[in-house]
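Novice: Submitted below is the structure of interest, expressed as structure tokens.
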Amino acid sequence: MLLRQQVGVGLSNLGNPGNLEVWSIGGGCQCTDRWDNTDRNSHYRNNFAFRTRVIAVDQEIEQVTEIYNMNTAYLETYSFQILGAIVVMALGVVLVRKLSDMVYGVAEKKGIDVTLSRFFANCARIAIIVAAVMIALPKLAIQVTPFLAAIGALGLGAGLAIQGLLSNYGAGLSIILTRPFIVGDTIRVLGVWGVVKEVTRAYTVLTNEDEEKITIPNRHIIGEVIHNSQSDTVLELSVGIAYESDTAAAIEIIAAALSDVEGLSQSRAVQVRIDSFGDSAINIGIRCWVRTEKFYEVKFTCNQKLQDALTANNIAIPFPQREVRMLADAV
């Protein structure tokens with residue numbers, strides 16, 4: 001701190017006692033407190049730091065102001081275009097739902113398979129969304145051409161990276177268009193079988209009597225041998241009767257016993273014939289068609305019906321026997 005004491009008039013240096021500079025002014029003196037070098041350097045550093053912060057704040061304010069002015073100018077220039085883009089996207093969302101539902105309803109009225117109907121509805125939905133985006137982007141002063149080029153490049157790279165997934169989608173499209181099976185059919189493929197519950201572009205879902213959900217990627221279905229028995233599954237049974245039994249009567253009894261079993265197909269008659277001749281029995285073969293959802297239930301019921309019917313009519317069901325003869329030793 002600077003301390004001065006005015007005593008008189010006139011100026012002459014009286015020396016330097018300690019940290020004071022004493023000047024003689026006429027018949028008096030003036031004393032001045034002197035800063036040392038450490039205080040002066042600290043003062044300069046603090047002053048420089050303060051000025052640096054002030055400059056940084058000014059720059060930030062300028063940047064914020066510039067961004068604000070740029071956004072304001074953009075809104076003033078493209079305000080109506082932005083409003084138009086919002087209206088286009090809103091109309092697109094509304095049309096997506098209505099048009100896809102309309103396409104799905106028309107496909108159902110024409111008797112088209114549910115999987116193909118969903119495919120057509122999804123295609124209509126995607127087409128409307130793409131059209132809305134293509135119309136809205138130019139209104140925002142966004143060029144569509146660079147996006148299309150970028151999408152093409154990304155599509156190439158993504159195609160190489162997810163070949164398996166794309167092959168599933170390609171196979172799914174083939175299944176939907178060629179329709180080797182539809183929802184509700186019973187198919188056998190890759191060692192599994194069940195009722196087709198859903199066919200998507202990536203996978204096919206089967207279900208069975210145990211309510212298991214079997215998901216098969218579509219690329220594993222295309223190119224394989226597919227057994228499609230529509231809504232029913234063939235049930236093959238066999239029962240042996242004694243050689244001395246009347247086979248014609250036995251066939252009639254078996255057919256009558258199975259005629260009232262619930263779950264058998266009403267459109268296909270039960271087939272009962274001689275299947276083979278065994279070592280100790282004549283094997284009667286039975287072929288009938290049952291609902292896939294009740295396959296094992298009907299199988300067990302049919303076996304019980306066969307047992308009861310043959311036993312009630314005194315038709316023997318032989319079991320393998322071995323006759324052993326002891327011969328005397330030849331002398």
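Novice: Express in nm, to one decimal, how much length is gained between ILE135 and ASP58 on full extension, taking 0.36 nm for each residue of separation and deducting their alpha carbon distance.
Specialist: 23.6 nm
Novice: In Å, what is the Rg of the alpha-carbon atoms in the range 233-312, and how long is Dmax?
Specialist: For the range 233-312, the Cα-based Rg and Dmax read 12.3, 39 Å.
Novice: Could I ask something else about it? For the range 172-331, what does the alpha-carbon gyration tensor say about shape, rounded, prolate or oblate, given a ≥ b ≥ c as the root eigenvalues, a/c under 1.5 as rounded, and a/b over b/c as prolate? Don't skip to the end; give the middle numbers.
Specialist: Working: a/c = 3.44, a/b = 2.11, b/c = 1.64.
It comes out prolate by the Cα gyration axes.
Novice: Suppose R0 equals 30 Å. What FRET efficiency, 1/(1 + (r/R0)^6) with r the Cβ-Cβ distance, do GLU224 and GLN266 give to the nearest 0.05?
Specialist: Details: r = 31 Å, r/R0 = 1.05.
Rounded to the nearest 0.05, the efficiency is 0.45.
Novice: Let me ask something else. Once fully extended, how much extra length lies between VAL106 and VAL192, figured as 0.36 nm per residue of separation less the alpha-carbon to alpha-carbon distance? Present the calculation step by step, with values, prior to reporting the outcome.
Specialist: Values: separation 86, 0.36 × 86 = 30.96 nm, distance 3.44 nm.
27.5 nm is the gain from fully extending VAL106 to VAL192.
Novice: While we're on this one: Two-decimal Rg/Rh of the range 181-228 from alpha-carbon positions, Kirkwood Rh? Show your work: numbers first, answer last.
Specialist: Values: Rg = 9.6 Å, Rh = 10.5 Å.
With Rh from the inverse mean 1/r over Cα pairs, Rg/Rh is 0.91.
Novice: Expressed as a fraction of 2.2 N^0.38 Å, the rule-of-thumb size for a compact globular protein of N residues, what is the C-alpha radius of gyration of the range 186-275? Please report the intermediate quantities before stating the final value.
Specialist: Details: Rg = 18.3 Å, N = 90, 2.2 N^0.38 = 12.2 Å.
Computed over Cα atoms of the range 186-275, the ratio equals 1.50.
Novice: Only sites in a loop by DSSP and with at most 11 other Cβ atoms within 10 Å count here; which GluC sites (Glu not before Pro) in the range 242-331 make the cut?
Specialist: Answer by residue number: GLU244, GLU262, GLU323.
Novice: Can I ask one more? On a straight-distance basis, which lysines could pair with LYS197 in a cross-link, Cα separation under 22 angstrom, same-chain partners fewer than 8 positions away excluded?
Specialist: Hits, sequence-local ones excluded: LYS109, LYS110, LYS213, LYS294.
Since every read-out is calculated from the coordinates, none of them should be taken as a lab result. Model, not experiment: these values are computed from the prediction. Heads up, the Cβs are rebuilt from the backbone with ideal geometry, glycines too, and the neighbour counts pull from every protein chain shown.
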